[in-house]
Structures are given as structure tokens and as C-alpha cells.
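K.L.:
If you scroll down you'll find the structure; I have some questions about it.
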Amino acid sequence: MIFTGSHILSVEQFDRPDIERIFQVADAMQPYALRRKVTRVLEGAILGNMFFEPSTRTRISFGCAFNLLGGEVRETTGFESSAIAKGESLYDTARVLSGFSDVICMRHPAEGSVAEFAEASRVPVLNGGDGANEHPSQALLDLYTIRKELASKNRGIDGLRIALIGDLKHGRTVHSLCKLMRLFKNVHITLVSPAELAMPEHIVDDMRSAGHTVAVTEDLTQSITNVDIAYSTRIQEERFASKAEADTYRGRFRLNQSIYTQYCEPNTVIMHPLPRDSRAEANELDNDLNQNPNLAIFRQADNGVLVRMALFALVLDVVDQVDKYARDVNWYNSARTL
Ligand code: CP
């Protein structure tokens, strides 16, 4: 694809060379994310960060990524602090905010809303999650993390064995990740969820059409015995009619150190897009895994900054100028690693 000036709305926009290009640029962003160097390449540029659903990682890491490239960030969070609460349309909001910004990131609870917004925008729009539909930058950082974690074992993404666990019906991260994995070869995917929260059939069909092996099960322990990656997800409470309904699914796919030790191959990598639900009743991904070196969830979140820097650099066409506007940092910098 041509990145310059493009909206990033769905992972379906990418082919495999696009993914390699994004990852190559993300790798080149490491000195800046690690604060070894500072670049001002986007000095004068403004990111409009519009998040109409709660977010910690996506909103802040898009903002940090833009700041690390030298740009400024202006934000609105929640409908109540936006004129949408007064009845303003997405069309009008997009026309107005794209006059103020050079690029916009947006999260919205309705599927397709970010694409609708992008149609009216005069600047590129990056989808930060639209309902249960897609979360493209998350899928890119997930795949980037998988690539990095497997590289240390001399493995690539082709031939990957992965279990996706939890609420696969509403989880937009796993929808986007499955679509991305279609670009690779011979992937073995085990989908672990209650039948009511199964991965949408069209996504399963598309993975099988791409030549991948797809198994569907409700049995966690069997599904994690033979995988490189165990990717857990949260029950997406906000997509259910009531908390009580969501509660009926909690704890069915609990992963803790004891289960990991008993069932997983040594060095199986544990991933989760986060937030993990750490309330006692959630029983999702236990804190006793925190010292497990194969728990990649925080490395995964860190990688989000690199991938989002890469997306900005590509969409705003400054990849070749990032180093030209760089200098050393002149302040104390703790031993940050990625
Ligand atoms: N993974 C993710 O989208 O996290 P946030 O909801 O905190 O942005």
C-alpha cells in the first residue's frame, strides 16, 4: 500500500511487504523509544487524539509515539467532554478536528464509526478500536511482539502455533490479529472460548481458506500444551447487555503459574492485549505469573510505542528524515530496555 496520507482503518489494508515495512521502521525507532536520541522530525505537527471509550495503552502510547517524533498532542476523552454529547455528527466533528490536526487517532464504541469519521476527515485517521470490529495498531504490535519473542528462539511467524483464549466474539484485538495472520504461512490456531463467545465464523473461514489449521475448543488445558504463544483476552464486559451476563463467563479460562507449569511447553510465551481484569473474581491471567520471564504482556505494551511511531512516520512520510532531525538526549535516562 501507499502509506503516505492514508487512513489506517483495518489490517485488511496490508499485504505482507507492508507488514515487513512497518516492522522495519518500528525497529529503527528503538533509539528514540529508548531515549538514547531525540528527534524533532514532526515539530509543528499536531495529533488529534479522540477516545470515546476508556483507554490507557492505546491513547497514551499513540500520544507518546507522536511526542517522541517531536509532535504535539491534543486530546478529547469520552463523549461527555465532546460536542458529540450535544448532537454533533461524526461528519461535522471530523471536518472541524481535521482542520486543527495533521493526523487523528480515534476510538469509538460503534463498529464502522472510525471509517465513517475518516471519510469526512481532511487528514489521515488511525483506528484506535471501533467497537468489536478492529484494532489494527494492536494487531500490528501483537504480531511485532510475536516476531520478536520467536526470533530469540530462531523461529519466524510462518509455522506459528498460537492459542487465542477468552472472549473471541467481542475481542477486536483477536479479530484483527487473525486477519493479519492470514498473510503468513502454515499457522496453527487454537480458538478457546465458550461457544457463545466464539470467533466470528467469517474470520475462521478466512483463516482456513488461507491454508491455516484452525481448532475450536472450550478446553484450556489441552489447547495450551503445544503452542508457542498463549494469547489470553479479557471478557469484554462493555459489550454485554449486563455485568451479570459477563460474569457468567469469568474464570473459565484462568491461566496461572501452576497451570502454566503443568500444561505448557517450557518457554511458551504468554500474551494479552491488556487491560487484564485483575479483580479477584475475574480469574483471567493471575498475578503469580508476573515473575515468569515468558510473560510478555508488558514487553507487548512497550512495543506499541515503536509500532505507533512507525505508523506516524509512514503516514506522514518522514521515515527518511527521522535521523536527520535527531540529537543526543541531555538528561538522565534510566536503564530503559525494550
Ligand atoms: N490494548 C488496549 O487497547 O488497551 P487500552 O484499552 O488501555 O487502550
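K.L.:
Quick check: Cα centre of region 275-338 to Cα centre of region 110-168, how many Å?
P.N.:
Spelled out, the Cα-based centre of one part sits 15 Å from the other.
K.L.:
Select from 104, 165, 270 the residue whose mean-square fluctuation is largest in a Gaussian network model of the chain (Cα-Cα springs shorter than 10 Å).
P.N.:
Result for the chain, Cα springs under 10 Å: 270 fluctuates most.
K.L.:
If you roll a 1.4 angstrom probe over the protein chains with everything in place, what fraction of the accessible area of region 136-298 belongs to carbon and sulfur, to the nearest %?
P.N.:
Values: 3090 of 6480 Å².
Solvent-exposed carbon and sulfur of region 136-298 make up 48 percent of the total.
K.L.:
With +1 on the Cβ of every Lys and Arg and -1 on the Cβ of every Asp and Glu, and nothing else charged, how large is the dipole of region 136-298 about its Cα centre, in debye rounded to the nearest 20?
P.N.:
520
K.L.:
Give me the Kirkwood hydrodynamic radius of the chain, using the inverse of the mean 1/r over all pairs of distinct Cα atoms, in Å to one decimal.
P.N.:
20.6 Å is the Kirkwood radius here.
K.L.:
Using 0.36 nm times the number of residues separating residue 225 and residue 262, minus their current alpha carbon distance, what extension gain do you get?
P.N.:
Difference between extended and current length: 12.4 nm.
K.L.:
Among DSSP bridges having both ends in the chain, what percentage is antiparallel? Round to the nearest 5.
P.N.:
DSSP beta bridges in the chain are roughly 10 percent antiparallel.
K.L.:
Something else: Given contacts defined as C-alpha pairs under 8 Å and at least six residues apart, what's the relative contact order of region 197-337, whole-number percent?
P.N.:
Reported relative contact order: 21 percent.
K.L.:
Longer than 27 Å from Cα to Cα, which of 153/324; 153/185; 153/179; 169/243 are they? Say none if no pair is.
P.N.:
Going by Cα-Cα distance, 153/324 fall outside the 27 Å limit.
K.L.:
Once you place label points 7 Å from the Cα toward the Cβ at residue 334 and residue 188, how far apart are they in nm?
P.N.:
Between residue 334 and residue 188, the simple spin-label model gives 4.0 nm.
K.L.:
Let me cross-check residue 263: its accessible surface, 1.4 Å probe, with only protein heavy atoms counted, in Å² to the nearest 10?
P.N.:
70
K.L.:
Turning to a different aspect of this structure: With every protein chain present, what is the per residue accessible area of the chain (1.4 Å probe, Å²)? Write down the numbers at each step before the final one.
P.N.:
Values: 14330 Å² over 338 residues.
So the chain comes to 42 Å² accessible per residue, rounded to a whole number.
The values are calculated or read from the model by the stated rules, or taken from the named source; none is laboratory data. Note that the structure is a prediction, hence the values are computed from the model and not measured. Neighbour counts are summed over all protein chains in view; Cβ atoms, including those assigned to glycine, are modelled from backbone coordinates with ideal geometry. What goes into the accessible areas is simple: the full protein's heavy atoms, side chains included, and nothing from ligands, DNA or RNA. Shrake-Rupley method; radii C 1.70, N 1.55, O 1.52, S 1.80 Å.
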